[in-house]
Structure formats: C-alpha cells, structure tokens
Number of protein chains: 2
Amino acid sequence: MSDHVVAVVGATGAVGRTILSVLEERSFPLSGLRLLASPRSAGTIVSTSWGDVVVEDLDTADVTGVDIALFSAGGDRSRRYAPAFAAGGTVVVDNSSAFRMDPTVPLVVVGVNDAAAAEHHGIVANPNCTTMTLMMAAGPLHRAFGLESIVASSYQAVSGSGQKGVRELTGQIDVFRDQVAALMAGTWEDPGADLYSRPIGFNVIPEAGTATENGYTDEEMKLVYESRKILGIEDLRVEPTCVRVPVMVGHGVSATLRFSNDVGADQAIDVLNQATGLEVWTDKTPTPLDSAGIDEVLAGRIRNTIGEPGGINLWVVGDNLRKGAALNAVQIAELL
Amino acid sequence: MSDHVVAVVGATGAVGRTILSVLEERSFPLSGLRLLASPRSAGTIVSTSWGDVVVEDLDTADVTGVDIALFSAGGDRSRRYAPAFAAGGTVVVDNSSAFRMDPTVPLVVVGVNDAAAAEHHGIVANPNCTTMTLMMAAGPLHRAFGLESIVASSYQAVSGSGQKGVRELTGQIDVFRDQVAALMAGTWEDPGADLYSRPIGFNVIPEAGTATENGYTDEEMKLVYESRKILGIEDLRVEPTCVRVPVMVGHGVSATLRFSNDVGADQAIDVLNQATGLEVWTDKTPTPLDSAGIDEVLAGRIRNTIGEPGGINLWVVGDNLRKGAALNAVQIAELL
C-alpha cells in the first residue's frame, strides 16, 4: 500500500475522533493527515501520532492533493462537499446516509461484501451502525444458507447520536440518580429531554430515528434497505424495530433469521466461527460493555427457533463507533 | 362484595409492598389484613390505611380464617405453603411460577381470560410480568383475529428482580457515573456484578432469567408456555428473547404478531382502543417511565408488517410491579 494523504471530515465529532484513533492504532500508511470540521471547531489543535494537526474550516479548505477523505460530518455536509471532493480526484468514504441508497455508490461492510468497493465512482458509503452490526453475522450466514427474512429489535447506545447523546444521558442520570423511589412510582421530575423525544436516563425509547410516513423510522428503514443492498437480496423480508437504550456505547440486536432451507444452531455457530471480524461467545453472553472499544462484533445466544423450527434466534452486539462507523470506514480506505 | 380477611405473603418485598399500595388505592373491602414474611422481617410494623400491622412470621403464623392470601414470596415458599393454605379454605393468588403450568391451576390475566379464575381449586396463578404485559395487547387481538405467532424481544426493568435488582443498578450507576470516557473506550472498572451475570449499569444483558437445556432462559420459556395457556392456543408459535435493561420499573416488549388472516394496523388500533386496562398511544411513543406507577399497560408503534405484509409490529410497556404483578393479583382477588 503506497502512502496517501488522508482527510478526516468532521474530525471533532464522536465518530471523527474514533476514526483518528483507529488510523493511529492501525498505523495507517499516510503521508499527510488533514483534519476538517465546521468553522466552530476550526483552529483547534489535535495531537496525533503524526504530530499536532490544526483543524481546518471545511467551508474554505483547499483539498487538492487529498487522496482519501473519511466523512463523518452529517448528511447535509456530505451532500454538499463529497461530490466536489470526488470530482477533484479524492475518494470519499462517507459515513452519512446521504449516498447509501444511490445505485452508483457501493455500500460496503468490510468482511461481508468487500468486492463491491471496487465499483466506486469516487464515493463509497459506510452503512448505518445498527445494520453494520447485524450484517457481520447475517452476511456469513446468508452466504452459507441463503437468508430470506429477518425480524430485528435493536438496543442502541446514545453515542449513536454523537456526543450530544452521551451528554443527554449523563445529565439525566445526574438528575434521576436521587429519585429512585420517584422513578419506581412514576412521580419523577422531568429532567428535560432535548435530543430525544423522552428522557433516556433509566428509560428506553422504542423509536430510534425520525418517523417516516409508513410508521417506521428512518433508522428502521435503513435496516430494511441497506441490508438488502449489502447482501444483494432484493426481496429480503425485514421487520425492524429500533430502540434507544441508556447505554453509552455498543449497539445490540436481537434477531430471528430464516433461510431458504432449515438451519440448525450448531451449523450457524460453525459458520460464524469462521467469519472474520466476528467472535461467537457460547460460554457467556456478550453485552454492549463487552463490545466497547474492540474491533470485533460479538455474537451470542445462537438458538434454534422454537415457535417455528428451522431458523435461528441470535444476539449480536458491536461498538457503534468502531465497527459500526469509524473502523469500517478505515477498513474501506484500506481496501481502496 | 362481602368483606374478607386478606393476607399478603411476602409483604416486605418489592411486589408485596406494591400489593399493599394497590389494596389501599382500591379501598379493597377487607375486614382484616394480615402481613406475613420470612422470620427476618417478622416484627416489623407497617402503617396501612387500615391501621398499623405487625408483620408475622410465615413459618409459624396461624392462618385460620384468612379468606384470600396474595403470595409473592418466591416459588419455594409458594410450593411449601400455598397448598396448605388452600387445604385450610384460603384462596391463594400466587405470584410465583410454582403453579402456573399446573393444569388444575388457572393462570389469569384480568381483562383477558377472567372466566378461567372460576375454575380454581384453591390456587389461582398470576402470570410472569413480561408475559402479562404482552397479553394485555395480544389477548384482545387474538379474540378479534386469531393469533398464530409471536416474535418478541423484551426490555425488562431491574425491579423485576426485586429490590436487589434496583440496588444493583443504583450501585453500578454510582461507580460508572464518573467513568464515561472509560465506558466508551471499554476500559471501565468492573463494579462487581452480583445478582446479574454482567454489570447492568449502562449495559443490557440479553439473557434475562436462568438458562435451560434448549438454550432459552426460564423467563423466555414462560413467555412461550404461559402465553399458550392464557390465550388457550396450544400450538401458538413464540420466538422469545428476554433482555434486562438499566431501567428501574416498566417492562417493554417489541413484538411481531401474525394472525389466521391478514390484519391491518388500523384494525388492530380499533380493537385495542376498546380493550380494558390498555391505552393505545398514537401521537407519542410510550416508554417505561410513562408506564411507571400507573395501572394501564401502554401500547404504541402499531405498524403493518413490511417484510411480509399481513401482520402487526407493536410495542407494549407496563409497570412490572403493578399490572405485571401486584395489580393483577389484587384484580384476581376482586374477581373471586
């Protein structure tokens, strides 16, 4: 791999920071590092293993000579800047949802559909974090057995909403901590939800994302459409429910998978034991806390379906900032 | 209703205390109140709206003349004492799992299968709290449309494990609160899980209950077997995943329901709007915090299935100490 000039766009956000950590951990072969962010963050000095880097203003920076740009600055900025970067010869790995369903943009989970990355026209999209986590198990199982349907309920961490999600949970825990009896009695004092529609401290919000016309949230529809695109199954049947939980990091998914033929839990475990980037835990149950800070997605509770035999019930959990976002983006850059 | 002598067995536990509150709120027509608990709690004086009551030792108390005993003292004590109470003429409403699957013992969700209570031979069983919550929606939908299958993932509060669950979460939050960065990085200091297999603070544990031989937990198998018994559907297909979440009170369930014929979300909402003990929320999403301290189970996010049309995806949440336990037990007593 020859050395490249790499730009991180949205460098001061939760995912941007993790991208920088992942680049450092993997000693990414770069000859130059540029950090770009909104005018508000421009001028900040960030210490990296390649020396101190001054954050530049995305609106005004000249990005001539940047080979790869890892975007994690929200869909609006991606739509505005990514095509221009690509037109100038930069390959963009975009973490937003802006281009994921564009038929000319590959949507890549490294370890699942790597070959798709080669088809890019300047932009490669990084999937939604919940979808990514589930695909790490669903991908290998699909290749082995032919996936037909998924029923999924998620348990999504607040860092999936960025640093403001973490701050909202932390603040509410502080307010709620001394109200245990009031929480039990339903007489709690509202700590004032801002980011989410309801308090997330000591609560779960069974509606992650923004409502769409069909009653599902955009987050849920991503699980439907992105899964189909990543796995290349146009008619994959998905029933999605996305729920926010008071966890800092680590998105979990409880899923029922069905295949074109009956599959047993032992067969599924054998397949997943061979998968890259995934660890199967059979002696204990992997939790979000176990997944935090590691690259591997963890799978557990792989059981034969009991209501209607022939399918698999399982649990997967992964660090939404790493494999769910930053790690996969860097892995895509490594592929390119 | 003539006045009765009522005993609360396990009066000092989380559910026992809630039973007492519910009896007071409903001005239950009782002519005498007895509070029984383990020797450790005997002698405690409890203030009630019927005056101060001294907690008696369950092992030595003479319960002659008790008409109704509301048991919530664990399966072992139910197995040991409930048959003796029943033999002496007391009707036992048992909140443990000890007798739920006994074919001679009715398993009753008031509002769903009230008529079954009349068939008792001295013991009526109160269902599992997660099952109860789901049945409040599944029952009316079954009567209207003929339920065939359920795929369910739960979000269960720590008070479902009693006061020690609440203490464990509270203690871990205290330890974790100042470790936000460490929680994100996976370098957190273990606060020492005791009741649960893993820390529950800022985490979810996708294995509520105790593992059984088939890979499902006892809690998950209750959702299978108790649903079948309550609804009277021997071949009901259930795929259960029970997950503990860091919530004080309020069990939620994300479920996909399928019926003998196609059902639309509007039809389901119409049916559930007529149901007793259940509120349908369509303008906002009901959360565990919203359910805390109230008698009604809340249903929301009632959507047409999109993967395979014809079914319903929905969310239900209820106070696990009230309708999930104490309230239903008192409602059974009111039926008797």
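The values are calculated or read from the model by the stated rules, or taken from the named source; none is laboratory data. Predicted model, so just to flag it, every value in this text is computed and none were measured. Cβ coordinates were reconstructed from backbone atoms using ideal geometry, including for glycine residues, and neighbour counts include every protein chain displayed. What goes into the accessible areas is simple: the full protein's heavy atoms, side chains included, and nothing from ligands, DNA or RNA. Shrake-Rupley method; radii C 1.70, N 1.55, O 1.52, S 1.80 Å.
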Item to check | Alpha-carbon Debye profile of chain A, log10 I(q)/I(0) at 0.08 Å⁻¹ | outcome: -0.38
Next on the checklist: I'd like to check one number: the per residue accessible area of the protein assembly as shown, probe 1.4 Å, reported in Å² as a whole number.
Outcome noted: 36
Checklist entry - When chain A is modelled as a GNM with alpha-carbon springs shorter than 10 Å, which of A:VAL166, A:VAL46, A:VAL15 fluctuates the most? => result A:VAL46
Checklist entry - Carbon-plus-sulfur fraction of the accessible area of region A:127-190, 1.4 Å probe, in percent? => result 52
Checklist entry - Ignoring ligands, DNA and RNA, what percent of the 1.4 Å accessible area of region A:1-69 is carbon and sulfur? => result 48
Checklist entry - Any idea what log10 I(q)/I(0) is at q = 0.06, 0.07, 0.08 Å⁻¹ for the protein assembly as shown, Debye with uniform C-alpha scatterers and no solvent? => result -0.36, -0.48, -0.61
Next on the checklist: Using the Cα centre of the protein assembly as shown as the reference point, and only Cβ charges (+1 on K/R, -1 on D/E), how large is the resulting charge dipole? Debye, rounded to the nearest 20.
Outcome noted: 100
Next on the checklist: Shape verdict for region B:201-290, please, from the Cα gyration tensor: rounded (a/c under 1.5), prolate (a/b greater than b/c) or oblate.
Outcome noted: oblate
Checklist outcome for this item: Placing +1 on each Lys and Arg Cβ and -1 on each Asp and Glu Cβ in region B:1-115, then taking the dipole about the Cα centre, the residue among B:SER47, B:SER96, B:PRO106 whose Cα reaches farthest towards the positive end is B:SER96
Item to check | Heavy atoms of A:THR60: accessible area, 1.4 Å probe, square angstrom to 10 | outcome: 110
Checklist entry - Expressed as a whole number of Å, what is the distance separating the alpha-carbon centroids of region A:62-85 and region A:218-287? => result 30
Checklist entry - What is the average number of partner chain Cβ atoms found within 10 Å of a Cβ in A:161-170? => result 1
Next on the checklist: Tell me the accessible surface of B:ASP178 in square angstrom (1.4 angstrom probe, heavy atoms of protein chains only), to the nearest ten.
Outcome noted: 130
Checklist entry - What Rg and what Dmax come out for region B:124-197 when only alpha-carbon atoms are used, in angstroms? => result 18.4, 52
Checklist entry - At a probe size of 1.4 Å, how large is the accessible area of A:HIS142, to the nearest 10 Å²? => result 50
Checklist entry - If you count, for every residue in B:300-313, the Cβ atoms of partner chains within 10 Å of its Cβ, what is the mean? => result 5
Checklist entry - At 222 nm, what helix-only mean residue ellipticity would chain A give, in deg cm²/dmol to the nearest 500, using -39500 (n - 2.57) for each DSSP H run of four or more? => result -9000 deg cm²/dmol
Checklist entry - Using a 1.4 angstrom probe with every protein chain in place, what is the largest-first accessible-area order of B:VAL175, B:VAL253? => result B:VAL175, B:VAL253
Checklist entry - How many nm is it between the label spots at A:GLN274 and B:GLN267, if each spot is 7 Å from the Cα in line with the beta carbon? => result 4.5
Next on the checklist: For a quick check of your reading of the filter: which trypsin sites (Lys or Arg not before Pro) in region A:277-336 sit in a DSSP loop and have no more than 11 other Cβ atoms within 10 Å?
Outcome noted: A:LYS284
Checklist entry - HN-Hα J couplings of region B:59-65 from phi, Karplus 6.51/-1.76/1.60, θ = phi - 60°, integer Hz, Gly and Pro as x? => result 5, 10, 5, 8, 9, 4, x
Next on the checklist: For A:PHE28, A:PHE145, give me the order by solvent-accessible area with a 1.4 Å probe, most accessible first, ignoring ligands, DNA and RNA.
Outcome noted: A:PHE145, A:PHE28
Checklist entry - Under the classification rounded if a/c is under 1.5, otherwise prolate if a/b is larger than b/c and oblate if not, where does region A:1-98 fall, given a ≥ b ≥ c as square roots of the Cα gyration tensor eigenvalues? => result rounded
Checklist entry - How big is the charge dipole of region B:144-249 about its Cα centre, in debye rounded to the nearest 20, if each Lys and Arg gets +1 on its Cβ and each Asp and Glu gets -1 on its Cβ? => result 260
Item to check | Calculated FRET efficiency for the pair A:ASP62/B:ASP76, C-beta based, R₀ 60 Å, to 0.05 | outcome: 0.20
Checklist outcome for this item: Here the residues of region A:136-160 whose accessible area is at least 30 Å² smaller with all protein chains than in the chain alone (probe 1.4 Å) are A:VAL151, A:SER153, A:TYR155
Checklist outcome for this item: Here the whole-number average of other chain Cβ atoms within 10 Å per Cβ of A:237-244 is 6
Checklist entry - For region B:287-299, in order, what is each residue's ³J(HN,Hα) by Karplus, 6.51 cos²θ - 1.76 cosθ + 1.60 with θ = phi - 60°, in whole Hz (x at glycine and Pro)? => result 10, x, 4, 6, 7, 5, x, 10, 7, 6, 7, 10, 10
Next on the checklist: Please report the projected area of region A:16-164's Cα convex hull averaged over all directions, in nm².
Outcome noted: 10.4
Checklist outcome for this item: Neighbours of B:ARG177 by Cβ distance under 13 Å: Lys/Arg at +1, Asp/Glu at -1, summed charge -4
Checklist entry - Where Lys and Arg each count +1 and Asp and Glu each count -1, what net charge lies around B:THR241 among other residues with Cβ under 11 Å from its Cβ? => result -2
Checklist entry - For the pair A and B, how large is the buried accessible area, both sides, in square angstrom to the nearest 100, if the probe is 1.4 Å? => result 5500
